[in-house]
Amino acid sequence: MPNRLSAETSPYLLQHKDNPVDWYPWGDEAFAAARELDRPVFLSIGYSSCHWCHVMERESFEDEGIAGLMNDLFVNIKVDREERPDVDSIYMSAVQSMTGHGGWPMSVFLSPDGKPFYGGTYFPNDDRGGMPAFPRVLAAVAEAYQDRRDEIDQNSSRIVNAISSQSQPRFSVEPIASAMFDSAYRHLAPEFDWQHGGIGMQPKFPQPMLYEFLLTNSAMQGNNAAQGIVELTLTNMARGGIYDQIGGGFHRYSVDNVWLVPHFEKMLYDNGQLASLYLHAWQITGNPSYARVVEETLNYLDREMRHRETGAFFSATDADSEGEEGKFFVWDTQEMAAVLGPDLAHVAMVYWDATRFGNFEGQNILYMHRTDESVADELGLTVEELESKIGEAKKLLYAARLHRIPPMTDDKVITSWNALAMRAFAEGGATMDREDWIVVAIRNAEFIRDRLVREDGRLMRSCKADSDKPASILGFLEDYAYLADALTHLYEATFDLRWLEWAEQLCDGMIELFWDPTDSVFYDTGADQEELIVRPRDIFDNAQPSGGSAASMALLRCAEFTGNVDLERVGSANLRSVRDLMERAPSAFPWWLQAAEFYANPVKQVVIVGERGHPQTEAMLNEARRGFNPDRIVAVMSPNETNDVSMPLFDSRRMIDGQPTAYVCRDYTCDLPVNEVAALAKQLNGGN
């Protein structure tokens, strides 16, 4: 008989609905039962595409004997970390404070009031590799709870105090200025792998925010070494197995230091951020291989991760298919020959270094270990001929792969992750003249507006695209911040004021719900959300921006467009709460650094007044969008709108001599309006 999780919508929770474990979803019912029965709580946190979460389910949660032990001794709660990042953040901090490390599956034991007293990650079903068997852990924890309650209460109080102290702001009176970014770079450079790219040795994660900061630092401070770090890393990632050479898009991380063998799950948040990063790298370098990655990644998201009827983006795809990790993505040479024919297969095998011995459990993860020039030379082809043949091979292999059993898709729609994808499509469409990508971004924004905003304007966390069931989880700080930021980029792609107006509303709501004026910090949960053992404030930029860093970026960008000084004041005050930390530990605070550079460098505001489609308007817009300019915002308005828009950015903006006209302002000073593209280019490049 299905357990209580059968009423949930999260694919991860539904994976566990037929377990013999008497699971509860997170909520008052579970903790009330724990108090009534005087039992500790076993809290298991994971997500649908987590490989070791599946292993622990097969070994323990599907085992009748272990499930019986869990049901007899504990009240058991299962949480999808992607639905409840607040719960995940608190108890991850607890596990890290107890064990020195964390990860998923996360296994935490709590008192009935929610306080943690013991925890870990994966526990095997028998003693293995120095890890205690899960049944032994269950029995020992239950015995300790019954016999040593005072000791457990003292331990849990210490852990809660430790978690609370991590959220305390550390304000600095030092200025946010260029010297700080130079110092951050000096701290970061020794961590870089100058041979293969990336930070550290293994495993290696993409860390797109870190390279965004380095690109910005290069563009704003003239740091050529920073750009070199980015180019080496992005080139090797795109050539490695971490990148899906056939279908596009990036896997979660590489288990080695050369980007060859990935953990095969694919996450929406990774691919949204990486598409934006490669777009910016293409803007600054002109490297066509980066443009190819942008196109392939966005096409992958559009093709495989988007709900066709609604425009919503799914969350992730699993690493496993048919019970084997990576089976969907790897190839043997016989299959390649059968699909491609002998001649094209030979080209493809040389290009992707595929051999009959393989490089992953007897199979081949396709990767590019040499340059196109060296492969073309070996095969007696021109580079253009090689590119044509590889393009044909990709289409044939992709078509053949469609007949395989694919990994499971987590079809949960998460507001913040959708916003990252929306931003990538909006930026990519505007920069690469892809109107179809802009349409994808618009449809996504409309979906969020229609399905994830309550009637009173409250933003929600998640839903199912193909279900009419209302969203039930209130949105967190990251949902507000990512969406507000994405909407400013969508405005720059469409120049439709409704997106800018919505962004400002979200920023106002974000301050009202999440800003603490006493401490001058943002908390991850709103004033209207469930009260947990501590109010979480996770300041670290991990796989995605922290809510706090994203809030500052969104507020500062929105303030530039709207002239709302309250947004700028809060955004800058928030930066000061981690000012010293981002300088000393840049790899943990890269998006904070990105927001700080935006704040510290006077932004060029470019306003073009003219009809869209007019050759002169479009020519000036193309000039304003040219290159990588993180210190620039661009607005376009029709001459018919000038009397209807109340934002200061558009005050007194008129066409001169009846011709489309550009206005460039920076640091509270404006240049003379111009009608010519050459004159605009001169102003944007520092002239008057």
Exercise for review: Give the shape of the chain as rounded, prolate or oblate, defined through the alpha-carbon gyration tensor: a ≥ b ≥ c are the square roots of its eigenvalues, a/c under 1.5 means rounded, and otherwise the shape is prolate if a/b is larger than b/c and oblate if not.
Suggested key: oblate
Review point. Which far-off residues, 5 or more places away or on another chain, put their amide H under 5 Å from the one on Ser48, with H placed in the peptide plane?
Key: Tyr12
Revision key, fill the gap. Taking the chain and counting helices only, DSSP H stretches of n ≥ 4 at -39,500 (n - 2.57) each over all residues, the nearest-500 ellipticity at 222 nm comes to -15500 deg cm²/dmol
Review point. Using θ = phi - 60° and the Karplus curve 6.51 cos²θ - 1.76 cosθ + 1.60, what whole-Hz ³J(HN,Hα) does each residue of segment 158-167 get, with Gly and Pro shown as x?
Key: 5, 5, 4, 4, 5, 5, 4, 5, 5, 8
Exercise for review: Hand me the tally of lysine pairs in the chain: alpha carbons under 22 angstrom apart, and the pair either on different chains or 8 or more positions apart.
Suggested key: 20
Review point. Around Glu62, which amide H atoms from residues at least 5 apart in sequence, or from another chain, sit under 5 Å from its own amide H, with H modelled in the peptide plane?
Key: none
Exercise for review: With θ set to phi - 60°, apply the Karplus curve 6.51 cos²θ - 1.76 cosθ + 1.60 along segment 69-81 and write out the HN-Hα couplings as whole Hz, x wherever there is a Gly or Pro.
Suggested key: 4, 4, 5, 6, 10, 9, 9, 10, 10, 10, 10, 8, 4
Practice item. Work from the charge dipole of the chain (Cβ charges, +1 for Lys and Arg, -1 for Asp and Glu, about the Cα centre) and give the residue of His346, Met237, Gln363 farthest towards its positive end. Key: Met237
Review point. Quick one: if you stick a label point 7 Å off each Cα along the C-beta vector at Cys665 and Arg626, how many nm between them?
Key: 2.5 nm
Point to revise | segment 428-440 - phi-based ³J(HN,Hα) in whole Hz, Karplus 6.51/-1.76/1.60, Gly and Pro as x | key: x, x, 5, 6, 9, 6, 10, 4, 5, 5, 5, 4, 4
Exercise for review: Could you list which residues have their amide H under 5 Å from that of Asn564, counting only those 5 or more apart in sequence or on another chain, with H placed in the peptide plane?
Suggested key: none
Check your understanding: If you put +1 on each Lys and Arg Cβ and -1 on each Asp and Glu Cβ, how big is the dipole of the chain around its Cα centre, in Debye rounded to 20?
Key -> 760 debye
Check your understanding: What residue among Asn3, Ser218, Tyr668 has its Cα farthest toward the positive end of the dipole of the chain, where the charges are +1 on Lys, Arg and -1 on Asp, Glu, each on the Cβ?
Key -> Tyr668
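Throughout, read-outs are computed from the coordinates displayed, never taken from laboratory work. The structure presented is a predicted model; accordingly, all values stated were derived computationally and were not measured. Don't worry about glycine lacking a Cβ; one is built from the backbone with ideal geometry, like all the others, and counts go over all protein chains shown.
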